[in-house]
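Report on the structure given below.
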């Protein structure tokens, strides 16, 4: 996988290709070298004036009901405009050369097209079916992705997801803690049967409730990891079963449309007071138009929520440059911004004589990357390597950022100045530490 120091070389391995880069060149660039322009005639996507990237994402056939590709592009464009206003990097502007709709099922073909053209330095990719990520990694293309596909990012050193999930089956204390905080006593955990990610998520959360019941006082009363994708036939019988079990808190591993179906059925059966835990419903427009279906619910956010304090962090820059571009803040726009931020930081660290492998190696040397306070720290020297609950937990239970829905709008779940709740490595407590990152 990634990088290990061996003698005086840094080895970056990806599938069938291995490149050794002198260790002192891995992260040799600094702000002082940012405006040094060095000719790079043989580097794909690089001219004397530009560093070009291709964007691939899902638009046609998107079943989720949220803005993906267009909003993702807005975030990348905002970040590029921000850096280009400062003179770009190495005498060049950061630009998007092509935006490609993978039409849900064509990600691999579109990725192979990008590889064969050879006119992009790197790729930004926000897809629902990441079938081309392995090909991009094999080709050594720095690829910055929407962090919802942990298994497809794992062990691919050229793939940099916006959110790193190192252990998909580790039973964390965060959901039981939330259930305790909202006064719940009996919980349910549900997911789709057709999706491995959703099924593993539902089973893992169920184990977390069982593990932390002595601390949280919240009992696991119902679990179902075999729901039909999209709930085409509704969810009436399952809600009836949860009602009979006395469930007052439901943790879900389903999409936003499924959440709406579930919330509507809860209302129909007189269970409006049940709190839903949403893993991926951070869509302000959708919530604003929900008619109160989600009031009181708690939503997990992959980054520093927009409702928290922006001063002193890159959130202020994000808000400023999204406004300058005439775009509205959104989850996918922030994903684009995060991806673009890492692409820039990798370029900067690689130095003026950058190429794809130097940027990859430099990025994989970052051990405390927060995107200017937008993320809890990522250790890219280890982040590509997954592990399981059967192994030691090197980074502990980690941190989570949350918001609550109140009157069809998001509000901070805790402190707006310290938006992350972080648990100690031993995870033997239901008392997380409110934390801020810079």
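Quick look at the values:
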| read-out | value |
| --- | --- |
| Taking 381, 363 and counting other C-beta atoms within 10 Å, the order from fewest to most | 381, 363 |
| At R0 = 25 Å, FRET efficiency that the Cβ-Cβ distance of residue 96 and residue 64 yields, to 0.05 | 0.65 |
| Mean separation of Cα contacts under 8 Å (6+ apart) over length of the range 332-386, as relative contact order % | 24 |
| Segment residue 243-residue 418, length gained on full extension (0.36 nm per residue, minus Cα span) | 59.4 nm |
| In degrees, nearest ten, helix 331-350 long axis to first principal axis of the chain (Cα) | 30 |
| Residue 213-residue 269 FRET efficiency (beta carbon distance; Förster radius 30 Å; 0.05 resolution) | 0.70 |
| Nearest-ten-degree value, helix 107-117 long axis tilted from longest Cα axis of the chain | 10 |
| Within the chain, percent of DSSP bridges classed antiparallel, to nearest 5 | 45 |
| Sorted by Cβ neighbour density within 10 Å, fewest at the top, the residues 410, 306, 318 | 306, 410, 318 |
| Residue of 120, 39, 401 that the Gaussian network model of the chain assigns the largest fluctuation, springs spanning Cα pairs under 10 Å | 39 |
| DSSP bridge pairs, the range 43-191: antiparallel proportion in percent, nearest 5 | 10 |
| Nearest 10 degrees, 0 to 90: helix 314-324 Cα axis against the chain principal axis | 80 |
| MRE, 222 nm, helices only [DSSP H, n ≥ 4, -39500 (n - 2.57), over the chain, to nearest 500] | -9000 deg cm²/dmol |
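Every number in this text was worked out from the coordinates using simple rules, so none of it is lab data. If you're wondering where the values come from, they're calculated on a predicted model, not measured in any experiment. Here Cβ is always computed from backbone atoms with ideal geometry, including for glycine, and neighbour counts include all displayed protein chains.
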